[in-house]
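The values are calculated or read from the model by the stated rules, or taken from the named source; none is laboratory data. Every value quoted in this text rests on a predicted model; they were computed, and no experiment measured them. Quick reminder, even Gly has a Cβ in these numbers, built from the backbone with ideal geometry, and neighbours come from all protein chains shown. These area figures cover heavy atoms from the full protein model, side chains too; ligands, DNA and RNA do not enter into them. Shrake-Rupley method; radii C 1.70, N 1.55, O 1.52, S 1.80 Å.
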Amino acid sequence: MGRLERDAADALAAAASSAELAEVETAALGKRSALAAAHRHLAALDPDARRAAGKALHDARTRLEALAAARAEELVAAERALMLGRDRLDLTEVTADEIRSAMTRGRLHLVTQTRRELEDVFVAMGFTVAEGPEAETDWYNFEALNIPPAHPARSMWDTFYLELGQPETVVLRTHTSPVQIHLMEDGPPPVHAVIPGRCYRRETADARHLPVFHQLEGLVVDRGITFGDLAGTIETFTTAYFGPDIHSRLRPGYFPFTEPSAEVEVTCTICRGAGCRTCSSTGWVELAGCGMVDPAVFEAVGIDPEEWSGFAFGFGIDRCAQMRHVIADMRVLTENDVRFLRLF
Ligand code: FA5
């Protein structure tokens, strides 16, 4: 082994990392190495000497390459062991609490949390919680609610129709009000119930609207129920859910299934009433429709309107969450961005 090969072999053996080895390899075997320079000098030798020296250089290169490969293997193994050692967690001293707090826990979606909070407020007032189907016949979604076919009020609800081959028209419910009909059919009054659920409308999503959203319907049917009971219930709810500082108001409204009807509004929490994009510059945001059950609805389900009276309301659950948590654009509720969802 010549000096040239010995020096190169020593340098390869001394390389302390894969990166350093790569540099040494280039210096010892690359185009600018002493070995390459020696190759270039072969041309000056006579043929016999050139053959012998050429073979010696070739053998030296082969040995050095083998050495470099062996060293590379050693270094990669050592580096891998080091990395594994660094990354290994010592779990022997970790308590269950520490593990729990280190884990990112999942959580309920804001809309689900809100639905539960609204239910809790009404359960505390003596309401029971009921449910109803999301696909309804035209009769439940409209007709029994005093909205006959071709009634102009149908344009209040842009409807998705289902083609299921039934003789009757079937729709994705546009509101939770059809569950009022189911509840009144299910048994005689009194009824004190809230019904949360998903609703569908052919609407383009915007800051305050989604095509799939949630409502919490309320229905009270009893003897001697008045508009005062409705107003008191709404007031108790808004104070319990939003706190005493929120301003709410009832405005006259129109629904075919309630008479008189009203809309529940709160001061827009985004602009505090000054007017912004979220409230379409009005300073107010509508949370619900409500009113006294229209006698025509009682008649559709065989309840005597002379004996019973009642009120109903339908709050937008997503809208309540939006105002309570000051969310300028409701569309974030459907985007599933964990950075947003983690805030609640
Ligand atoms: C109704 O749907 C009536 N069924 C409410 C009602 C029930 C009136 C009982 C009288 C008696 P309206 O279309 O206004 O009404 O919707 C009620 C609430 O649902 C709105 O105030 C709003 O908070 C919410 N809402 C309506 N459409 C959407 C939508 N596209 N996206 C999000 N929330 C909506």
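Using a Gaussian network for the chain with springs between C-alpha atoms less than 10 Å apart, which of these wobbles most: Ala70, Ala205, Ala144?
Result: Ala70 has the largest fluctuation of those listed.
So which GluC sites (Glu not before Pro) in the stretch 273-344 are both in a DSSP loop and have at most 14 other Cβ atoms within 10 Å of their Cβ? Provide the component values of the computation, followed by the final result.
Values: sites: Glu286, Glu299, Glu306, Glu307, Glu335; in loops: Glu306, Glu307, Glu335.
The qualifying sites are Glu306, Glu307, Glu335.
Explain nothing, just compute: Karplus ³J(HN,Hα) = 6.51 cos²θ - 1.76 cosθ + 1.60, θ = phi - 60°, for every residue of the stretch 158-165 in order, whole Hz, x for Gly and Pro.
For the stretch 158-165, the Karplus curve yields 6, 10, 8, 9, 9, 9, 10, x Hz.
Relative to the present Cα-Cα distance, how much length would full extension add between Arg202 and Ala150 at 0.36 nm per residue of separation?
Net length gain for the segment: 16.9 nm.
With a 1.4 Å probe and all protein chains left in place, how much accessible area per residue does the stretch 110-341 have, in Å²?
Working: 10520 Å² over 232 residues.
Per-residue value: 45 Å².
Which of Val76, Val293, Val285 moves most in a GNM of the chain, Cα contacts under 10 Å?
Result: Val76 has the largest fluctuation of those listed.
Calculate the length of the line joining the C-alpha centroid of the stretch 18-34 to that of the stretch 49-95, in whole Å.
14
Does anything in the stretch 103-119 have its amide N under 12 Å from the 7 Å Cα→Cβ label point of Val338, and if so which residues?
103-107
With all protein chains present and a 1.4 Å probe, how do Ile317, Ile99, Ile270 order by accessible area, largest first? Please report the intermediate quantities before stating the final value.
Working: Ile317 0, Ile99 80, Ile270 55 Å².
The residues order as Ile99, Ile270, Ile317, largest area first.
What residue among Gln113, Gln166, Gln322 has the largest mean-square fluctuation in a Gaussian network model of the chain, using Cα springs under 10 Å?
Gln166
No other cysteine beta carbon under 4.7 Å away is the test; run it over the chain and list who passes.
Result for the chain is Cys199, Cys290, Cys320, no neighbouring Cys Cβ within the cutoff.
Taking the Cα centre of the chain as the origin, how large is its charge dipole in debye, to the nearest 20, when only Lys and Arg (+1) and Asp and Glu (-1) carry charge on their Cβ atoms? Could you put the intermediate results ahead of the total?
Working: 35 positive and 51 negative charges, 510 e Å.
Once rounded to the nearest 20, the dipole reads 2460 debye.
Diagonalise the Cα gyration tensor of the stretch 2-87 and give the resulting equivalent ellipsoid semi-axes, square root of 5 times each eigenvalue, largest first, whole Å. Numbers along the way, then the final one.
Values: eigenvalues 219, 23, 14 Å².
Three semi-axes, in Å: 33, 11, 8.
Considering the alpha-carbon set of the chain alone, what are its Rg and its Dmax in angstrom?
According to the Cα coordinates of the chain, Rg and Dmax are 38.7, 127 Å.
Taking DSSP loops as anything outside H, G, I, E and B, show the longest stretch in the chain free of trypsin sites (Lys or Arg not before Pro) there with at most 16 other beta carbons within 10 Å. Working shown, then result.
Numbers: sites that count: Lys31, Arg32, Arg88, Arg105, Arg107, Arg202, Arg223, Arg272, Arg277, Arg342.
The reported range is 108-201.
Can you list, largest first and rounded to whole Å, the semi-axes you get for the stretch 79-204 by taking the square root of 5 times each eigenvalue of its Cα gyration tensor?
Numbers: eigenvalues 502, 98, 28 Å².
Calculated on Cα positions only, the semi-axes equal 50, 22, 12 Å.
Label Ala27 and Arg249 with points 7 Å out from Cα along Cα→Cβ: what is the distance between them in nm?
Calculated label separation equals 8.4 nm.
Could you tell me which helices of the chain pass both thresholds, a Cα extent of 18 Å or more along their own axis and a mean Kyte-Doolittle hydropathy of at least -1.0, with helices taken as whole DSSP H runs? Could the numbers behind the result be given before it?
On the way: long enough: 47-87 (59 Å, -0.34); 110-124 (21 Å, 0.03); 227-242 (22 Å, 0.52).
Answer set is 47-87, 110-124, 227-242.
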